[in-house]
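Read the figures in this text as sums done on the coordinates, not as results from a lab. No experiment lies behind these values; they were computed from the predicted model shown. FYI the Cβ positions are ideal-geometry reconstructions off the backbone, even for glycines, and counts take in every protein chain you see.
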Amino acid sequence: MAGIRIVTDSACDLTDALAQQHGIVIVPLSIRFGDEVLVDRRDLDAAEFWRRCAASPTLPETSAPPPGAFQEAYQTARDEGCDAVVCLTISADLSSGTHQSAQTAAQTFSDYDVRVVDTRSVTMGQGLVCLAAAEAAAAGAGADEIVALAGDVARRTRVYGAIGSLEHLQRGGRIGAARAMLGSMLSIKPVIQVTDGVVAEESKQRTRSRSLEYLANKIRDQAPLERLAVCDGASPDLDTFLELLAGIEVTGGDVVVVDLGAVVGTHAGPGTVGVCAQLRS
């Protein structure tokens, strides 16, 4: 099988069906609940992750794949006759270990072309970059062209999220207890954005409904879009948000709805709704 193999990591939140459809290989991170370490997607799916989050007295933690996991994916591509590999990782600012593992594995191949690209994104922002790269690979694009395309798509991709509760962020040490208590009393619902590979607060909304309306309006203002994806982190109001997005012009197909997986869910917490928009070139 000639051509370019696209490899990524499980922070991308692509469904297994989408990955298989486009020939994308996903290298999983691991999730730790106390002393128990589980391989993402292999040992637990998104539904099981959220169930464990609700029942666990301690917050989960993530750990990067070892270089050997990426090395195996690259070697398989080589064995299957692929001309080269383009590996598109989570932002190195969000998981330096994952990006470094991918690079370390690539360096073990002195006579095989493996390119590692930092998407500067996460969840389906990263996933949309992977889909564009895989479509280009299927159309016969070479490694140089795919790397350039990935960079262009990443620059045109916006990732936002409405956080369900400040409690999860506080328990994870992201904000102080006093601020979490104040935010709870005032019903503050922060909206976050991934900007140049880093998660930052985009705005503060006073209620959950306002945060969802704010997000939908922000996406609508950027239409028409090439692609649009929504990520569901055990949210009780996903359907409401999808209704708010109704009518937004997306030229590249239907809105893709996925579960927010364990990697991002560990840090964002339950009730998070993410939206990832790829702007037109």
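Overview of values
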item: GluC sites (Glu not before Pro) within region 38-101: DSSP coil, no more than 15 neighbouring Cβ in 10 Å; result: GLU80
item: Qualifying GluC sites (Glu not before Pro) for region 212-281 [loop in DSSP, other Cβ within 10 Å: at most 16]; result: GLU249
item: Inter-probe distance in nm under a simple model that places probes 7 Å from Cα toward Cβ, at ARG155 and LEU242; result: 3.4
item: Rounded Å value of the spacing that divides the Cα centres of region 83-132 and region 1-36; result: 11
item: Spacing of the two label points (7 Å from each Cα toward its C-beta) at SER281 and ASP93, in nm; result: 2.5
item: Angle between the chain longest axis and helix 143-155 axis [Cα atoms, degrees, rounded to 10]; result: 10
item: Helix 123-138 axis, angle to the chain major axis (alpha carbon atoms, nearest 10°); result: 30
item: Most mobile listed residue (SER101, SER235, SER56) in the chain, GNM with C-alpha springs under 10 Å; result: SER56
item: Nearest-0.05 FRET efficiency for ARG32 and THR207, computed from C-beta distance (R0 41 Å); result: 0.75
item: Beta bridges by DSSP in the chain, antiparallel share as percent, to the nearest 5; result: 60
item: Stokes-Einstein diffusion coefficient of the chain, Kirkwood radius over Cα pairs, 25 °C, 0.890 mPa s, in µm²/s; result: 129
item: Amide H partners (placed H, <5 Å) of GLU202, local residues excluded; result: VAL191, ILE192, GLN193
